[in-house]
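Structure record follows, encoded as structure tokens.
The values are calculated or read from the model by the stated rules, or taken from the named source; none is laboratory data. These numbers come from a predicted model, not from an experiment. Here the Cβ is made from the backbone with ideal geometry for all residues, glycine too, and neighbour counts use every protein chain on show.
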Amino acid sequence: MATKEVAKNQADGESLFTGTYNFSTVTSKINDIVLRSTPKGWIFGFLVSFMVLQALLMALTWLIYEGIGTWGVNIPVGWGFDIINFVWWIGIGHAGTLISAILLLFHQKWRTSINRFAEAMTLFAVACAGIYPLAHMGRPWFFYWLLPYPTTMQLWPQFRSPLIWDVFAVSTYATVSLLFWYTGLIPDLSSMRDRAKNRWIKMIYGILCLGWRGAATHWHRYETIYLLLAGISTPLVLSVHTIVSFDFAVGNVPGWHATIFPPYFVAGAIFSGFAMVVTLAAPARLAYGLKDFITDKHMDNMAKVMLATGLMVFYGYGVEAFMAYYSGSPDERGLFLKNRAFGPYGVFYLLLILCNGIIPQLLWFRFFRTNIPWLFVISIVINIGMWLERFVILMSLQRIPWQSSTWGQYCPTVWDITAYVGTFGLFFTLLFLFMRFVPMISAFEMKHMMPESHTHAPGASHAGGSH
Amino acid sequence: MHAPQAPGLFGLLAEFDNPQALVNAADAARRKGYKVMDGYSPFPVEGLREALGKPRTLLPVIVFCGGLTGCLTAFLLQTLTSGGHPREWDAFIPNWFNYRLNIGGRPFFSWQAFVPPIFELTVLFSAFTSLFGMILLNGLPRPHHPLFEVKEFERASSDRFFLCIEATDPLFDIDETHEFLKGLSPITLSEVPQ
């Protein structure tokens, strides 16, 4: 019966599993990736990422040694690459939480094979994002001044400021994402302990999994808190990007002071995050032979989420333009037309519309959703588009403050660019380490999803009971 | 309480190859009157807790209390440090905790602006309570356990399903329990040393 079902599902293109698997082969297929000897491709990828990471360390060292003047930010443009990249990276992280928490609450079974990977992506993206506000402080070694603690100066943070909300939101988000990810890992780490042959490896995984032994009472508590964590992560992820948008929207700068910002930012975050998941999952599933678990159906579904959130973002652009016109304010109108759409950075605005508004419309067609090379290209275009969005939001407004005598321009320096490139090094270094040392697909959830795992109450009409 | 019937024995462990067999076995053991037992599986098995007769966990209540603590912590922290309390209270609040900051004439008790940190700390405290509550109630971390002495148990995290009736159960009797578990036709049946 199972094989017939698989065949039928494949015919519908609905399959979340291809091939025939049982509990044992699912476990070995996923866990043995970690236990096998290191593939050459991994070593190459890791070394390249690690080299790029050095660029970040160099840029940060120079920044701390020389000061914030090494960056292109100045007055009037005080927020440059640092804030653009902060928002970009943290937005990318949001897809991981969406996949692991929100789709769990909605009983979307297709989340199962990509949630571990996407959550790891979240953690690493947040790590990259976190660097920027810290580095931008000028004296990063005083970062703890942001936290509420009793100082000898008897000073407390200004809790009415969105920048302090941001501290709370981003640090909570990073912590909760880590806890959620670790919770999901515990059973699979215990499975690694049981499969490892080497005594030391066994011990390390045994410590990491806390001695998990899969008792029914433990599973019951585990499932309870997994659901609770999903429940609290869902509003959390929405709050984080809402608060990020408050950094802009609470100020009185024309073009930033808009109520559309929170939903438009959240949609943009999910849009870019799914694009990044596709960018990473497409090569990873190919390299590790995981097409049976991360199927074309998964890619298709992610493409649909990208299409939907892309339309929301496009609607946001439309509302921004309409509101600039409808406000009747010459500042808003002038700013939008003369500065954003056709100003010195106008080309970026037009590119943004192309990348985020027009090219994603290809995803209406099934061909582009299931043709993986095309989908990969589109996902990269969206990543670029979302970066441009943040660039346009920040640049086109800051450069023209109220007094025309203070107008100016922004140009990133080589250190801005080095730091940005370097965060990719950090991101991919962490990602390669993740793929090497922990199972990148949640094996226990995959097994839980198989039809063979379903049970019915004992003594019910199904006599015999085995299937 | 009965003394353990078999000294040096943790319990008897029966192995099954599918989740339904484990649920059926647990159900039979509960009907028989066994209480100190647990099922082991590579993934959560629906209906197993009920079949074993184990109570629901109190974790949701505990996590709620954790969240409430976070909520109150953030509220009080912000209100008191911003001077949001009545001036008469100043006498009771240490100076270093009391920092009235006039921002454009906004009220000191601007609770609307305090909502985002209140929400974030509620979430943070709930998350910590969830994970650490689960770990502690489960009696973890416990890197070693008598069950790990049984070779077959390695597959409990892969593809096998186990029922262990522990020696401390009042009804436990090495021969009778052995007979009973055998009647459930497990793949293997092992003694778990203490």
Restricting to region A:215-234, and then to whatever is hydroxyl-bearing (Ser, Thr, Tyr) and touching a residue at least 24 places away in the same chain (Cβ under 8 Å), can you tell me which residue is nearest to the other protein chains (Cβ to nearest Cβ)?
A:Tyr222
When B:Asn98 is evaluated against the numbered criteria (1) exposed (fewer than 15 other Cβ atoms within 10 Å of the Cβ); (2) touching a Leu at 6+ places or on another chain (Cβ under 9 Å); (3) at the interface with another protein chain (Cβ under 9 Å from one of its Cβ atoms); (4) at pLDDT below 85, which criterion, by number, is the only one it fails?
(1)
Counted residues, region A:408-456 - those being more than 14 Å from chain B (Cβ to nearest Cβ) and within 25 Å of A:Leu280 (Cα to Cα):
24
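So that you can scan it fast, the table gives a plain yes or no per residue for (1) in contact (Cβ under 8 Å) with a residue 40 or more places away in the chain; (2) facing chain B (nearest Cβ under 10 Å):
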position: A:Phe124; (1), (2): yes, no
position: A:Leu134; (1), (2): no, no
position: A:Gly138; (1), (2): yes, no
position: A:Ser190; (1), (2): no, yes
position: A:Arg199; (1), (2): no, no
position: A:Arg213; (1), (2): no, yes
Residues that are assigned to a loop (DSSP other than H, G, I, E, B) and within 11 Å of chain A (Cβ to nearest Cβ): does region B:71-81 have at least one?
no
Hits in region B:159-194 (condition: within 23 Å of B:His144 (Cβ to Cβ) and hydroxyl-bearing (Ser, Thr, Tyr)):
B:Thr168, B:Thr188, B:Ser190
Against the condition modelled with pLDDT of 90 or more, touching a helix residue (DSSP H, G or I) at 6+ places or on another chain (Cβ under 9 Å) and closer than 24 Å to B:Glu152 by Cβ, how does A:Tyr205 come out, does it pass?
yes
Looking for something assigned to a loop (DSSP other than H, G, I, E, B) and in contact with a strand residue (DSSP E or B) (Cβ under 8 Å, 6 or more places away or on another chain) - is there at least one such residue anywhere in region B:146-154?
yes
So which of B:Glu179, B:Glu166 ends up being more than 7 Å from every other protein chain (Cβ to nearest Cβ), of a type in the set (Asp, Glu), within 26 Å of B:Gln20 (Cα to Cα) and over 28 Å from the mean Cα position of the chain (by Cα)?
B:Glu179
When the residues of region B:11-65 are narrowed to those that are facing another protein chain (nearest Cβ under 7 Å) and over 23 Å from B:Gly133 (Cα atoms), which ends up surrounded by the most Cβ atoms within 10 Å (Cβ to Cβ)?
B:Val23
Return the only residue of A:Tyr132, A:Tyr144, A:Tyr149 being farther than 30 Å from B:Gly105 by Cα and out of contact with any Ser or Thr (no Cβ under 6 Å at 6 or more places or on another chain).
A:Tyr132
